[in-house]
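A.B. asks: Sharing a structure here in structure tokens format.
The values are calculated or read from the model by the stated rules, or taken from the named source; none is laboratory data. Model, not experiment: these values are computed from the prediction. Note that each Cβ is placed from the backbone with ideal geometry, even for glycine, and that neighbours are counted across all protein chains shown.
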Amino acid sequence: MHRISPIPLTVQAFADFGDVVEASPEKMFSINEGTTNRFHDLASINVERDGGRPVVNIFRGTPYPFPLTIRMMENHPLGSQFFMPLDPFDYLVAVAEAKPTVMPEDVLVFSCSHKQGVNFKPGVWHHPLLVLAEQQDFLVIDRAGEGGNLVEKDLASPIMVDLDENNPQGRLEPRPRQ
């Protein structure tokens with residue numbers, strides 16, 4: 001069994017997999033007579049291949065049991081997939097590069113702040129939602145349309161994510177639901 005520890009989600013560390021979506025000052029300008037700050041062009045949504053169209057969803061995730069073990073990965077070859085947390089809970093993202101197959105040694109796990117979203121590039125391997133709170137909602141922009149846009153693969157061997165049950169992300173504490 002492979003073991004892995006989460007690393008902090010940063011724009012640079014995640015660049016091969018997609019976009020980190022957050023309210024950064026470099027992307028901000030004022031609109032609406034100065035009453036609103038707009039954080040502009042934060043992700044490259046790519047869903048039009050083979051006649052696809054964007055759909056907006058809310059996904060509600062619940063935690064996997066401890067110890068957290070990754071046994072499979074998935075990808076969406078025809079479109080990107082965007083996730084933005086709607087609740088004030090931190091979470092994890094497991095990813096691997098877009099290539100024909102995925103091996104346990106290819107997988108990275110990122111610890112994500114509840115103020116950060118991610119947008120996976122088409123074909124990037126990722127694990128389904130890895131929430132740490134009792135329940136967490138995400139705004140998801142996904143692809144709808146003809147064609148097979150979901151590939152699931154079992155890993156050759158499972159990956160155990162090193163987490164402390166009392167502080168699952170090591171650095172980021174789950175926040176209570178408000």
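A.B. asks: I'm checking my understanding of the structure. Among residues of segment 157-178 that are closer than 25 Å to ASP90 by Cα and at pLDDT 90 or above, which one is surrounded by the most Cβ atoms within 10 Å (Cβ to Cβ)? Reasoning before the result, please.
C.D. replies: Keep residues of segment 157-178 that are closer than 25 Å to ASP90 by Cα, which gives 158-178.
Now restrict to residues that are at pLDDT 90 or above: 158-162.
Details: PRO158: 14, ILE159: 20, MET160: 13, VAL161: 23, ASP162: 12.
Across segment 157-178, the extreme among qualifying residues is VAL161.
A.B. asks: Taking LYS153 as the residue in question, decide whether it is modelled with pLDDT of 95 or more and not in a strand (DSSP E or B).
C.D. replies: Working: modelled with pLDDT of 95 or more: yes; not in a strand (DSSP E or B): no.
The answer is no for LYS153.
A.B. asks: Mind listing whichever residues of segment 8-28 are among the hydrophobic types (A, V, I, L, M, F, W, C), in contact with a strand residue (DSSP E or B) (Cβ under 6 Å, 6 or more places away or on another chain) and either surrounded by fewer than 12 Cβ atoms within 10 Å (Cβ to Cβ) or more than 24 Å from LYS99 (Cα to Cα) (or both)?
C.D. replies: Result: ALA23, MET28.
A.B. asks: Residues being exposed (fewer than 13 other Cβ atoms within 10 Å of the Cβ) and in contact (Cβ under 8 Å) with a residue 40 or more places away in the chain: count how many of those fall in segment 70-102. Steps first, answer last, please.
C.D. replies: First, the residues of segment 70-102 that are exposed (fewer than 13 other Cβ atoms within 10 Å of the Cβ): 71, 99-101.
Now drop any that are not in contact (Cβ under 8 Å) with a residue 40 or more places away in the chain, which leaves 71, 101.
So the answer is 2.
A.B. asks: Here is a further query. For segment 138-156, give me each residue that is surrounded by fewer than 16 Cβ atoms within 10 Å (Cβ to Cβ), in contact with a strand residue (DSSP E or B) (Cβ under 6 Å, 6 or more places away or on another chain) and acidic (Asp, Glu).
C.D. replies: GLU152, ASP154
A.B. asks: Here's another thing I want to ask about it. Select, from PHE39, PHE59, the only residue that is at negative phi and surrounded by 15 or more Cβ atoms within 10 Å (Cβ to Cβ). Don't jump to the end; show me each part of the working.
C.D. replies: Working: PHE39 fails: surrounded by 15 or more Cβ atoms within 10 Å (Cβ to Cβ).
Just one listed residue meets the conditions, PHE59.
A.B. asks: Continuing with this model, one more query. What are the residues in segment 15-65 that are of a type in the set (A, V, I, L, M), free of Cβ contacts under 8 Å to residues at least 12 places away in the same chain and either assigned to a helix (DSSP H, G or I) or under 25 Å from GLY79 (Cα atoms) (or both), if any? I'd like the intermediate steps shown before the answer.
C.D. replies: Pass one, segment 15-65, residues of a type in the set (A, V, I, L, M): 15, 20-21, 23, 28, 31, 42-43, 45, 47, 55-56, 58.
When the remaining residues are screened for being free of Cβ contacts under 8 Å to residues at least 12 places away in the same chain, the result is 15, 31.
Once the filter is applied, which keeps residues that are of a type in the set (A, V, I, L, M), free of Cβ contacts under 8 Å to residues at least 12 places away in the same chain and either assigned to a helix (DSSP H, G or I) or under 25 Å from GLY79 (Cα atoms) (or both), segment 15-65 yields only ALA15.
A.B. asks: Could you tell me whether any residue of segment 103-114 is surrounded by 12 or more Cβ atoms within 10 Å (Cβ to Cβ), out of contact with any Gly (no Cβ under 9 Å at 6 or more places or on another chain) and free of Cβ contacts under 8 Å to residues at least 60 places away in the same chain?
C.D. replies: Yes; the residues of segment 103-114 include at least one that is surrounded by 12 or more Cβ atoms within 10 Å (Cβ to Cβ), out of contact with any Gly (no Cβ under 9 Å at 6 or more places or on another chain) and free of Cβ contacts under 8 Å to residues at least 60 places away in the same chain.
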